[in-house]
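Visitor: I am attaching a structure below and will ask some questions about it afterwards.
The values are calculated or read from the model by the stated rules, or taken from the named source; none is laboratory data. The structure displayed is predicted, hence computed values, not measured ones. Every residue, glycine as well, gets a Cβ built from its backbone with ideal geometry; the counts of neighbours run over all protein chains shown. Each accessible area value is taken on the protein alone, full model and side chains, heavy atoms only, with ligands, DNA and RNA left out. Shrake-Rupley method; radii C 1.70, N 1.55, O 1.52, S 1.80 Å.
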Amino acid sequence: MDNLPRRGPTGHRRRHLVTFLAFLGIFMGETLKWTFVNSIDPITTPYEVTLDNGTVVEESNLDFDMELVSHVMSSSFYGYVATQILGGWLGACLGGSRVFGVGVAFTALFSLIMPFVVQGGAANWVIACRVIQGLFEGVTYSSIIAVWSRWAPPQERARLVTIAFSGIYFSIVINPPVCRLIANTLGWTIIFHITGILGFIWFAVWWAVVKDKPEDDPHISTEELKYLRDNLDCGPNDSIPKHIIYPWDKFVTSMPVWAIVVAHTCVSYGFISLSIVLPMYMRDAYHYEIDTTGLLSYLPYLLIAFLMPVAGTLADWLRNSEVLTTTQVRKVFICVTFISQAILILLAVHINSVNVTIVCLVLALGLSAFSWAGFSVNHLDIAPQHASALMGFSNTFASVAGFLGPSVIIYFIRDGWQYTTHIIIAVHLFAALFYWAFASGERQRWAPPAPTPESESLSLQQRSHVI
């Protein structure tokens, strides 16, 4: 079994406040990321304008054809994927909380600018604005891992991280209906103004409250600081390095790293694929319009949002109670999830019942919550001082897979739903086998703990004796 550190101080602590504000930051970042997509209908919908001579003409805010609109909506991806690793490196060098905060703040700034760019009508400027916005969005996920390397002790790691990342799915549930409501009552430009202002309000609070290192927090208790110092060798005991040289040769030849990459990529591809397959399959197979069913259409994402903290808490309990080792916890949560999802997808396309199919596909999506308690913290398990860069590395692959997922489905759907779903099943089964074979929850040899003053003193004494 792992050598487990002692339990931390109970009650509401600064690390819990950091977690709550990180949740809000991720929620805000996702909201800003998808504001344009959620607003595209009112932006492109023609409206009537009465001229001075009484003539009624039809105008549109964004007079682009559908192909150009598609390019505009996807253009932020290119910026997003380009800064994943950069965000991890900046987070490690400059401080994860600073980079995360600035990433969200500049995304909010471009949200405020976007209505003026759209009303200008130049496609190139709209695309450029979206790409730049994506560049700042891209640093957020990897840089927040640098925050956890200093604030999330191993025995609370999965719970704190999954609580924060659940903001992704709460955003998916809340944003579309709220954007529609604002567009219908106040106009589509107000959506960008509200989200931009809220982003800056969050940034001001985050910048004032959250510090890169616990010892820099003037409000942290002595007890909590000691607890973090005792259990984290990457953060409270060392200063933020100004220059970092990553062992990329070790990264790319490490099978535990590739196990994380495969799992992360499968989660992204599976989530996007199932999100697309669910409404399309129900429409084709049963003539059931799940998009118009209100709460049911958001149920999978609501399920993920609420299950993620449950999964993280369960993962930490299994590890801390020594029921399973860290490696076993990560493998069980990833592999059981992927295999269960594969079985549920298989049942959904072979059982001729609309209710059973809905339950199977909703559960297949909802179970993604448990995989987050595996891969999202695994970077911190194997190399805490390099975790932000490793998150950027794995999220680069995951983002590309998520971006290409819809195109893959559309390409293979011509051969029938069974062929399409079998590809999704095969991806999940392969990822489960690969992760089970190569994943690890142990710190790797190429990522040794930072030397403490005591160990350095002992090393000097030993050398002096030798001399």
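Visitor: For segment 239-355, compute the orientation-averaged projected area of the C-alpha convex hull (one quarter of its surface), in nm².
Guide: That works out to 11.5 nm², a quarter of the Cα hull's surface.
Visitor: Okay, moving on. Once the convex hull of the alpha carbons of segment 250-305 is built, what does its volume come to per residue, in cubic angstrom?
Guide: Value for segment 250-305: 88 Å³ per residue.
Visitor: Considering the chain, what Rg and Dmax in Å follow from its alpha-carbon atoms?
Guide: 23.7, 99
Visitor: For the chain, which whole percent of the accessible surface, found with a 1.4 angstrom probe, sits on carbon and sulfur atoms?
Guide: 65
Visitor: Let me ask another. Enter the Cα centre distance for the pair segment 333-391 and segment 300-317, rounded to the nearest angstrom.
Guide: Each part's Cα centre sits 11 Å from the other's.
Visitor: Cβ under 15 Å from Phe100's Cβ, Phe100 left aside: what net charge do those residues give with Lys, Arg +1 and Asp, Glu -1?
Guide: Here the charged neighbours net out to +2.
Visitor: For the chain, take the longest principal axis of its alpha carbons; what is the angle in degrees between that and the long axis of helix 14-38, to the nearest 10 within 0 to 90?
Guide: It works out to around 30 degrees.
Visitor: To continue, here is another question. Please calculate how many Å² of accessible area the chain carries per residue, with a 1.4 Å probe and no DNA, RNA or ligand atoms counted.
Guide: 44
Visitor: Ok, one more. Using only the alpha-carbon atoms, how far is helix 140-151 inclined from the longest principal axis of the chain? Give it as 0 to 90 degrees, nearest 10.
Guide: 30
Visitor: Using only DSSP helix segments of four residues or longer, with each worth -39500 (n - 2.57), what per-residue ellipticity at 222 nm results for the chain after dividing by its residue count and rounding to 500?
Guide: That comes out to -25000 deg cm²/dmol.
Visitor: Which of rounded, prolate, oblate describes segment 90-156, given a ≥ b ≥ c as roots of the alpha-carbon gyration tensor eigenvalues and a/c under 1.5 marking rounded, otherwise prolate only if a/b is larger than b/c?
Guide: Prolate shape, in that a/c is at least 1.5 and a/b is the bigger ratio.
Visitor: Let's test this: bin the Cα-Cα distances of segment 344-414 at 5 Å from zero up to the farthest pair and state each bin's percent.
Guide: Calculated P(r), rounded to whole percents: 3, 14, 13, 16, 19, 14, 10, 7, 4, 1, 0.
Visitor: Right, another one. I'm a student and want to see the number: the projected area of the Cα convex hull of segment 292-446, averaged over all directions, in nm².
Guide: The directionally averaged projection comes out at 10.7 nm².
Visitor: Another question, if that's okay. Measure nothing fancy, just the Cα-based angle from helix 368-382's long axis to the longest principal axis of the chain, in degrees from 0 to 90, nearest 10.
Guide: Once rounded, the angle reads 40 degrees.
Visitor: With viscosity set to 1.306 mPa s and temperature to 10 °C, compute the Stokes-Einstein D of segment 387-428, Rh being the Kirkwood radius across alpha carbon pairs; µm²/s, no decimals.
Guide: Taking Rh from Cα pairs, D becomes 138 µm²/s.
Visitor: Let me ask something else. Could you please put Leu367, Leu433 in sequence from largest to smallest accessible area, using a 1.4 Å probe?
Guide: Descending order: Leu433, Leu367.
Visitor: State which stretch of the chain is the longest one without any exposed trypsin sites (Lys or Arg not before Pro), exposure meaning a DSSP loop state and at most 15 other Cβ atoms within 10 Å.
Guide: 8-241
Visitor: Can you give the local net charge around Arg14? Use residues other than it whose beta-carbon is closer than 14 angstrom to its beta-carbon, Lys and Arg +1, Asp and Glu -1.
Guide: Taking every other residue near Arg14 into account, the sum is 0.
Visitor: Place a +1 charge on the Cβ of each Lys and Arg in segment 284-376 and a -1 charge on the Cβ of each Asp and Glu, then give the dipole magnitude about the Cα centre in debye, rounded to the nearest 20.
Guide: 340
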